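Down below is the structure, laid out as structure tokens.
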């Protein structure tokens, strides 16, 4: 591990030409011992962020296959890209770098699950759902802050809430109104949400004026009350005393989608209901104060409108601001993409597949016989099937069999890997990663020009040769029905390794043939 | 770019121009030259608005000796904003090339609700309360009192504006409503009154249809516009409906009760004035003897909505003697209200013409036609005399007088329909008396007569020969343009059945079939998983949408849809709908993707664009026929058949298909844009329905796409989206050019241009 002093020529070139930034950059591979504190910290942080990298680091560097400097040298690009992003984020809010998980686009709808014997109805509330309820229904949030724990316990609160929801789900407005009249607290949940309404009225001032239909209302002289013609649906029965308790699904859908779109506005651990409620209330308060300084927003809005007014293909294209693509978990992303691709392939092949299914064995045999006899009489003047078509069918079939698409399809995220036992999957992926890493180092060491490279290659070779038995082990450890899949997965890895070894052997032979008596490595 | 159309140099703010824009300008220019009206249909997504604006402004610039004013009418305020944004772009370009000579004053005009900057006034709920709150501060008698008594509040913005007097002008430029408010705040002047004043001097005024078509508003705002004006009605495919709505009134039980309350309040006021200020009432009486002509001299802030009948129809004569005295007038109104109450108690549907109705009023309560005709103006005068500022409280009696004036003025083209209950809910008594106008040409007639050129344009004016008949005018130019596309960037399809081969339709007998609802749901579900960004769905009515969304929710389809995209819905609440739209756009912008559920003939269908990524697919669920059992519609159909020999079925189909075309047409904005349109109803595959669609949609509707099931449609959608993602040559490459540069235009010259195009 003291090879830090030996420098790859490419690294020198970089440090020589690049300016100030470059010199700092090359400092790392130059000397391990003199790594700046900040540099060290960065590496540690990077390792903490990326568990896979950490594993690799542990295996290769601590395991003695690669030196620290070598390890980092090959991932310079991603490494610097990472810190570039990190720095940007760092300047604003150091804690925000964590990717936030959005809200699920699932309506919470009490599906009362009764056990069928008694009249009891059960509701399940999770912290996630509670957060969603608070965000979508400010009145419930306010009621929670007011009532709990001074007036009732949290459990009582949610029982009451669930009761209100149940009443709504029965769609019996009259009963709801009657219940509300008896119980003030229940009434809060049953009535329409005034807070949400007033919030809406405030938000409307910030809306894009090219969408603002409310402004229309103010300009519409034909729709003075009782003017114009009544069209469909304008029948309003607002006089009904029960109107207050009527709630429409459409309204709820809109509110729900708005909340999901807004995303997780607060940075509080879910679980403590009260703190969630308080944090949400606070964030709404912040929105209010923001409004005072909305001159900026106005300007932005105006720019937007004038941009929207332009017809884009009549003029030269304008450069759009590019948002850097940041995929936190590449494997997950690409896996799902692949699964999608396979699925769509399956769909396009669906027609052909159906046709095949409808053929019985006898029919197939019969038609085959006919063909053969036909060929016998007339000979093979022109092929029955066009070669391109045949190839396409063959490819399609092989691919669909090998990717086991028959078992996929329902869930785009499901792939072969997911069906393997967890341990085997992890191990396979890990080996794949480390093979990649090793091969990257291996191939980048050619042509061998220094002794250092020579020793490095031999170290890499040793490490690689150790992988063979491990892969074999995995193959054997899995159940027999997965074995075929696993060997299919392992095959490309083995091929890649074989290629590396073949190159290595060829190189050694060439070397010994050229200068058999010379010691290894020459400068 | 800059080019020549005959003797006019046109300044166009882009480097390229579509050939159809050029052709459109040529036709428009000919109409302006001929000082006549014209009717132009050009597909959406070809930049109509900018072509119009740049030709008309350039026309004025080329002929400075005879400047024409442009009155640009939009249907909605947000379209007004969009138009002004385009005009701003154009203005900037013209200033760049011509310098200060190109300066114009252009402004949007709207109600107090949208222009007021006085925080205490504008916070009121609706337009009428804002109007009333403004009057409370700015009426001439209130201001007179405020001078003596500083405790009486007044509006500082209005006072400042009055003080500035003739100095209060808008410098040249293009002003949106927002800009007007900002300018007003800066100067401390009331933007509403400033804008009202500047309208007379502006080169371009952008306002809503009603400011020209509705006589109540037009009488005040558009009274002083010069004859040398070009009036443009943009998106005018519904103009006939706007016209008839402007002259229709309905009276309900609540209206009559409110009117009774109003009347007793007014009679109290009269008593009070008799005791304190009898001279005032006498002065009014004298004024009425001389006729109502003085109304024009009222202080600016006192004006009110003008007479609902048309200006030419109001005789310039004195008010009949028997309603000159305030008490007499009130008793006439009381009798009228009583009569209407009696009529509402009917058990059967009744329908009659204005002449018999007036005769029956005269026979039963002794109010003749002339008294009816003057009701509105007389009421107006009385309310001013009584110094009533909370006009929003008196809306009911205004409605009654509106009704009286209209019924007293017109003898044909109207009918009075009394229904004891709504056809759809026969068990709920809800009597209503409707005065409905059938003749669209009545409201628009003065516009055609007063202004030298009227341009009616839209993306859907098919069949184009119907409009001159409906509106009763003779266009000098009447043209329908096709669209030259660089690639097949629109993909209309007719979906007739679901994947299970069951037919889908919103026809009455099929509409509530669970199979149809499920198939519609499956269609949307398949589409949300295939189409990126925004999808818009149109339903035939609110009630249908409400029902189907609920049933999707119960069957779990909605949940599956939400796995792919956010769902936003148009509701009857405008505020909520606006917010939903705003969020929908945000969701499309950030890549989340969303579906918007909307209603054909609803507010969203009327004027919101779903171009580019805001709408890659529109699904029209069903054929949006009007509610055919409505008596008003039946009466109108009868009138159309008798007067214009238009068959009922033809008109209904025409009307439904123009709505459908309008809904789906909103997906495309330029030739670089692309979008799919699905007409999901088996009836669209019939030739008599389909052929009513505008030509630019029909020409892209392939025979193979006329009878699709859901799985086939999904397949086509996939292929289409893949094709659209490929790079292409924007100018159209070889063959017909679809994008022209300045050189292209110069090369062509004027003569052989149209040969090249069509």
query: Which of the residues spanning region B:423-434 are outside any strand (DSSP E or B) and either crowded, with 19+ Cβ neighbours inside 10 Å or more than 10 Å from chain A (Cβ to nearest Cβ) (or both)?
result: B:423, B:426, B:427
query: Which is surrounded by 24 or more Cβ atoms within 10 Å (Cβ to Cβ) and in contact with a helix residue (DSSP H, G or I) (Cβ under 7 Å, 6 or more places away or on another chain), of B:89, B:53, B:84, B:61?
result: B:53
- prompt: Does residue B:641 qualify as being over 24 Å from residue B:530 (Cβ atoms), within 12 Å of chain A (Cβ to nearest Cβ) and surrounded by fewer than 24 Cβ atoms within 10 Å (Cβ to Cβ)?
  reply: no
Candidates B:115, B:107, B:98, filtered to the one that is within 14 Å of another protein chain (Cβ to nearest Cβ) and touching a residue at least 60 places away in the same chain (Cβ under 8 Å): B:115
task: Take region B:590-600 and flag every residue that is more than 10 Å from residue B:568 (Cα to Cα), more than 9 Å from every other protein chain (Cβ to nearest Cβ) and touching a helix residue (DSSP H, G or I) at 6+ places or on another chain (Cβ under 8 Å).
output: B:593, B:600
- request: Test each condition in (1) closer than 27 Å to residue B:355 by Cβ; (2) surrounded by fewer than 20 Cβ atoms within 10 Å (Cβ to Cβ); (3) under 26 Å from the mean Cα position of the chain (by Cα) for residue B:420 and report the one that comes out false.
  value: (3)
- prompt: Can you name the number of the only condition in (1) within 7 Å of chain B (Cβ to nearest Cβ); (2) crowded, with 20+ Cβ neighbours inside 10 Å; (3) at pLDDT below 80; (4) farther than 22 Å from residue B:423 by Cβ that residue A:245 fails?
  reply: (1)
statement: Of the residues in region B:1-34 that are in a loop (DSSP other than H, G, I, E, B) and out of contact with any strand residue (DSSP E or B) (no Cβ under 9 Å at 6 or more places or on another chain), the one that is farthest from the other protein chains (Cβ to nearest Cβ) is B:7
task: For residue B:555, indicate whether it is more than 7 Å from chain A (Cβ to nearest Cβ) and surrounded by fewer than 18 Cβ atoms within 10 Å (Cβ to Cβ).
output: yes
- request: Filter region A:172-205 for residues that are modelled with pLDDT under 75, under 35 Å from the mean Cα position of the chain (by Cα) and buried (at least 16 other Cβ atoms within 10 Å of the Cβ) and give the result.
  value: A:193
message: Between B:457, B:411, which is in contact (Cβ under 8 Å) with a residue 40 or more places away in the chain, touching a helix residue (DSSP H, G or I) at 6+ places or on another chain (Cβ under 9 Å) and assigned to a strand (DSSP E or B)?
response: B:457
- prompt: Taking region B:204-234, which residues are away from chain A (no Cβ under 13 Å) and more than 27 Å from residue B:414 (Cβ to Cβ)?
  reply: B:204, B:205, B:224, B:225, B:226, B:227, B:228, B:229, B:230, B:232, B:234
- prompt: Taking region B:708-758 only, how many residues are modelled with pLDDT under 90, surrounded by fewer than 16 Cβ atoms within 10 Å (Cβ to Cβ) and under 28 Å from residue B:530 (Cβ atoms)?
  reply: 5
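Counting only residues that are touching a strand residue (DSSP E or B) at 6+ places or on another chain (Cβ under 7 Å), touching a residue at least 60 places away in the same chain (Cβ under 8 Å) and surrounded by fewer than 18 Cβ atoms within 10 Å (Cβ to Cβ), give me the strands (runs of 3 or more DSSP E) lying completely in region B:198-288 with at least 3 of them.
Passing ranges: none, list empty.
Just give me the residues in region B:103-128 being at pLDDT 85 or above and part of a helix (DSSP H, G or I), in sequence order.
Passing the criteria: B:112, B:113, B:114, B:115, B:119, B:120, B:121.
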query: Is it fair to say residue B:596 is farther than 23 Å from residue B:691 by Cα, in contact (Cβ under 8 Å) with a residue 40 or more places away in the chain and not in a loop (DSSP other than H, G, I, E, B)?
result: yes
query: Picking from B:516, B:618, which residue would you name as being within 31 Å of the chain's Cα centre (by Cα) and either buried (at least 21 other Cβ atoms within 10 Å of the Cβ) or assigned to a helix (DSSP H, G or I) (or both)?
result: B:618
- request: Scan B:582, B:560 and give me the residue that is surrounded by fewer than 24 Cβ atoms within 10 Å (Cβ to Cβ) and either within 10 Å of another protein chain (Cβ to nearest Cβ) or on the phi > 0 side of the Ramachandran plot (or both).
  value: B:582
- prompt: What is the number of the single condition among (1) touching a helix residue (DSSP H, G or I) at 6+ places or on another chain (Cβ under 8 Å); (2) surrounded by fewer than 24 Cβ atoms within 10 Å (Cβ to Cβ); (3) more than 14 Å from chain A (Cβ to nearest Cβ); (4) not in a helix (DSSP H, G or I) that residue B:66 does not meet?
  reply: (1)
message: Quick check on my filter: what residues within region B:235-258 are within 14 Å of chain A (Cβ to nearest Cβ) and within 30 Å of residue B:42 (Cα to Cα)?
response: B:235, B:238, B:239, B:240, B:241, B:242, B:243, B:244, B:245, B:246, B:247
field: Qualifying residues in region B:529-560 (those that are assigned to a helix (DSSP H, G or I), closer than 21 Å to residue B:664 by Cα and touching a residue at least 12 places away in the same chain (Cβ under 8 Å)) - the one nearest to the chain's Cα centre (by Cα)
entry: B:542
- request: Would you check if residue B:188 is more than 21 Å from residue B:384 (Cα to Cα), touching a helix residue (DSSP H, G or I) at 6+ places or on another chain (Cβ under 8 Å), without any contact (Cβ under 8 Å) to a residue 60 or more places away in the chain and surrounded by fewer than 18 Cβ atoms within 10 Å (Cβ to Cβ)?
  value: yes
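The values are calculated or read from the model by the stated rules, or taken from the named source; none is laboratory data. Everything numeric here is computed off the predicted structure, so don't read it as measured data. Glycine also receives a Cβ, built like all others from the backbone with ideal geometry; neighbour counts cover every protein chain displayed.
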